[in-house]
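Here is the structure we will look at, set down as structure tokens.
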Amino acid sequence: MVEVCPDVCSAAFMLICTVSKRRIMGTWSERSQFAGNYRGEIFGGMALALVLRAAATFLPDASQVPQVKLWFDNSGVIHHGNKPNADLLERQTQADVLSLLKRYLIELSIPVSFKKVEAHVDDYRPIETFFPQETWNMDMDWAAKSAILNAVETNSFISPIFPFETFRCHNGFGKISGSPIAAIYDWHGYSTAKQLFDSKGIVSSGLFDLIYWEGMKKAVSKFPDIFKFWISKHVSHFFGTNRFLSKIDSSVKNICPSCGQPDESTSHITRCSDPGRIASLEAAIDDLSDWMDENDTDPILQHLIEEYLLGRGVLQMADIIEAEQEYIDFATIHDDLGWDNFVE
């Protein structure tokens, strides 16, 4: 349920005795940067394996127990569950929990097999055609969704340290879930960028971590390559303004061609007093306002952004906001980062 909280995932699991018809069920909810449907499915396998592991301690010979069938609608979990001794690829996603699932299964004395059940059959079949496993699967889907809502409401989540976990890999961001190589490169790139931005006076190292870089990454990934090049040049101040062009061509005068102010830098573009440039900026702000309306942006936040942009770098956002409003901390951090970092 990404729309509720993108960094939360859950699992619901159930064991049914085919003889007595008695059942046991439960849910897990985790808050993690690695949250996702696949992680939730893996949690279901881990939870069932742990319950069976506990049950095995009460049996004189657990290996004589009939094979327990575990039904999943996720092919990845089924594949790994049926091959617990197979190695994981270095680039395997959710490797931290997948490796634990495999370990649980290897050490489990009760024989199990993972079986496929079709997902969301209620979308295309009448209820009277459902197999029991399909009905159970839908029940678990609903239970998992309810678990997320309850966990978010009560701020109650499982521990990030899992049972029998003997090895954890970390970088500067925290625990590594997937490829260690990619994670090391990511942290090195982040640290290098932090030092570079500080040395160039773009963003100080004290403010660098306040920027939502993950959101920036997702937004930029949707841009055409040529626009990414433009952003890189603009932020690096290697943009085609007269300040830069005058350094490579002595015939170019370092003045703004619109308002005549000396030293046309990248920062000057959004501050230019020329009526034409102001009109262009205001038209862009109108487009942004329409987009915020269409996406149900909080009215207070929308007002702050609109007024701040119309101020063209002169207004502080903290000067616009009322002291009792809930965005005062946001406005303070925003002003620390400044106008250029916001519009660039």
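Please pick out the residue among Ser179, Ser113, Ser109 that is modelled with pLDDT of 95 or more, open to solvent by less than 70 Å² (accessible area, probe 1.4 Å) and of a type in the set (Ser, Thr, Tyr).
Unique residue meeting the criteria: Ser113.
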Within segment 159-171, can you find the residues that are on the phi < 0 side of the Ramachandran plot and either open to solvent by 50 Å² or more (accessible area, probe 1.4 Å) or touching a Cys at 6+ places or on another chain (Cβ under 7 Å) (or both)?
-> Ser159, Pro160, Ile161, Pro163, Thr166, Phe167, Arg168, His170
Taking segment 253-280, which residues are hydrophobic (A, V, I, L, M, F, W, C), at pLDDT 90 or above and either under 26 Å from Asp198 (Cβ atoms) or open to solvent by less than 40 Å² (accessible area, probe 1.4 Å) (or both)?
-> Cys256, Cys272, Ile278
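Can you confirm whether Ser32 is farther than 25 Å from Pro132 by Cα and of a type in the set (Gly, Ala, Ser)? Reasoning before the result, please.
Details: farther than 25 Å from Pro132 by Cα: yes; of a type in the set (Gly, Ala, Ser): yes.
The answer is yes for Ser32.
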Considering (1) of a type outside the set (Val, Ile, Thr); (2) open to solvent by 70 Å² or more (accessible area, probe 1.4 Å); (3) closer than 17 Å to Asp340 by Cα, say which one Phe239 fails and leave the rest.
-> (2)
Any idea which of Gln316, Gln302 is out of contact with any strand residue (DSSP E or B) (no Cβ under 9 Å at 6 or more places or on another chain), at pLDDT 90 or above and open to solvent by 60 Å² or more (accessible area, probe 1.4 Å)?
-> Gln316
Pairs only if they're at least six apart or on different chains, beta carbon under 6 angstrom, first in segment 236-259 and within 18 Å of Glu344 (Cα to Cα), second part of a helix (DSSP H, G or I) and open to solvent by 70 Å² or more (accessible area, probe 1.4 Å); list them, first residue then second.
-> Phe239/Lys233
Over segment 116-137, the set of residues assigned to a helix (DSSP H, G or I) and open to solvent by 30 Å² or more (accessible area, probe 1.4 Å) is Asp122, Asp123, Ile127, Glu128, Thr129, Pro132, Gln133, Thr135, Trp136
Just checking, which of Ser20, Ser10, Ser63 is within 26 Å of Glu134 (Cβ to Cβ) and without any contact (Cβ under 8 Å) to a residue 60 or more places away in the chain?
-> Ser20
Which one is nearest to Thr27 (Cα to Cα) among residues in segment 69-90 that are surrounded by fewer than 16 Cβ atoms within 10 Å (Cβ to Cβ) and in contact with a helix residue (DSSP H, G or I) (Cβ under 7 Å, 6 or more places away or on another chain)?
-> Gly76
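The values are calculated or read from the model by the stated rules, or taken from the named source; none is laboratory data. This one's a predicted model, so the numbers in the text were calculated from it and none came from an experiment. Note: ideal-geometry Cβ built from the backbone for every residue, glycine included; neighbour counts use all protein chains shown. Protein only, heavy atoms only, side chains kept; ligands, DNA and RNA dropped before computing areas. Shrake-Rupley method; radii C 1.70, N 1.55, O 1.52, S 1.80 Å.
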